[in-house]
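Read through the structure below, which is laid out as C-alpha cells, and then see the notes.
The values are calculated or read from the model by the stated rules, or taken from the named source; none is laboratory data. A quick note: this is a predicted structure, and the numbers were derived from the prediction, not measured. In this analysis, Cβ positions are derived from the backbone assuming ideal geometry, glycine residues included, and neighbour counts consider all displayed protein chains. Note: areas computed on protein heavy atoms with side chains; ligands, DNA, RNA excluded. Shrake-Rupley method; radii C 1.70, N 1.55, O 1.52, S 1.80 Å.
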Amino acid sequence: MANIKDIAKMAGVSVTTVSRVINNYPYVSAEKAEAVRQAMEKCNYQRNINAVHLSKGKTFLVGVVVPFSNHPYFGLLIEGIANAALKNNYKLVLIQTNYEEQKEIEALTMLKDKQIDALIICSRICDWSAIGDFTQYGPIVLCEDARERNVSCTFVDHYKSFSAALNYLHQKGHSRIGYCIGRQSGTNSEQRDAAYKDFLKENSLCYNPCFIFSGCFNFEDGEKVVTDLVQMKDRPTALLVTSDQVAAGILTCCKEQGIFIPEDLAIMGFDNQPISKVMHITTLEIPLVEVGRKLFHQAMDGELVSHEEIAVKLIERETV
C-alpha cells in the first residue's frame, strides 16, 4: 500500500505538500493539489486516521465504563453522555466490566496508552489507589461522590437522599423499614448503609440484617426478594428499593403472593424510570440523562477538577 512518501514522489511534490492537500490546508497551488489527488486516486491511497489524530494529540474518543450495558439506569447515563459527545464531534468507546476489576483496569490502561482522550466510570469496582495511579494520564470522571479525591465527579449524595426517603416512610407510620441494594461495596452503597444505621439510631429502632436485600439489579431480583419476604415471620412493612426495575419486580410478585401494596408492604423506588410511571411506584427521581451530559463535559475540561452534586426529587404515587 502506498504511503505519503510514495504519493509525493509520484506527484513530483514534497511530503509537506501532500500532507497539506490531505488535511485541506491552504497555500497549495491548484496544479500541485490536482497532481497529488491524481496520484492518491491512482494508488487508491487512504489516509491513516490514527496518524492524523496523533498529530493533533487527540483521538476524539471517550471511554465509558459501565458494569452492565442492558440496564435502564446505565442506558440513560449513556444517552446523556452520547448526546453531548455527538454535539462535540466525539465518539464513545463502551467498556462493560460486569464489575470485574481487571476489565476496569484495562479501560484505565486505554487512557494511559492514549487510545482514548478521557475516561468516564459510571460505576467503579477498583480501589481508589488503582484509580489514583492513572490520573496522571488524562481526565477520569466518576459518577459517585468523590469530593475528597483529586478526580472530577457528578454525583447524588446518597446519604442525604436515603435519609430523606427513610424519614418520609417513617412519617407514613412505618418503623420496620428494609431496603434493597445492588451491591454492598462502593461509595454509594456505603453512604446508604450509613444513612440507614443513623436513621435507626435516631429513632431508637432495632437493626435487623434480614431487612437488607443485596444483589438486586433487575426485575427478576425483585421476585427473589418477595420469595424471601413470604418466609419471614417478622417482615418489614416498607422497602426502600434502589432500582425502579427491582421495585417493579417486587410489586408484581407481591400481587401474585397476595401481599397488598401499600397496606401490607409499602414500596419506594429510585430513579423515576418509565416502569415506575406505568406501575405507579413512588420513587426518587434522578435526572440521569442530565448527569450523563455533565459527566461528558467534565471529561472535556481536562485538568480542571470539579465536583457537581445532583438533587433528587420525590415523585409520590400509590405504593406508599
Which of the residues belonging to the range 67-91 are touching a residue at least 12 places away in the same chain (Cβ under 8 Å) and more than 13 Å from the chain's Cα centre (by Cα)?
ASN83, ALA84, ALA85, ASN88, ASN89, TYR90, LYS91
I need the full set of residues from the range 265-311 which are open to solvent by less than 10 Å² (accessible area, probe 1.4 Å), part of a helix (DSSP H, G or I) and within 24 Å of LEU86 (Cβ to Cβ), in order please.
LEU288, VAL291, GLY292, LEU295, PHE296, GLN298, ALA299
Please work out which one of (1) part of a loop (DSSP other than H, G, I, E, B); (2) open to solvent by 60 Å² or more (accessible area, probe 1.4 Å); (3) out of contact with any Leu (no Cβ under 8 Å at 6 or more places or on another chain); (4) at pLDDT 95 or above is the condition CYS210 fails and give its number.
(1)
Assuming GLN136 fulfils every condition listed in (1) modelled with pLDDT under 90; (2) surrounded by fewer than 13 Cβ atoms within 10 Å (Cβ to Cβ) apart from one, which condition is it?
(1)
For a quick check of your reading: which helices (runs of 4 or more DSSP H) sit entirely within the range 1-83 and have at least 1 residues that are modelled with pLDDT of 80 or more and among the acidic types (Asp, Glu)?
4-11, 30-43
Subset of the range 4-40 (residues that are within 29 Å of LEU61 (Cα to Cα) and without any contact (Cβ under 8 Å) to a residue 12 or more places away in the chain):
LYS5, VAL15, THR16, ARG20, ASN24, TYR25, PRO26
Please go through the range 143-156 and give me each residue that is of a type in the set (Asp, Glu) and either under 14 Å from the mean Cα position of the chain (by Cα) or closer than 13 Å to GLY186 by Cα (or both), ordered by number.
GLU144, ASP145
Out of the range 104-126, which residues are closer than 10 Å to VAL65 by Cα and part of a loop (DSSP other than H, G, I, E, B)?
CYS122, SER123, ARG124
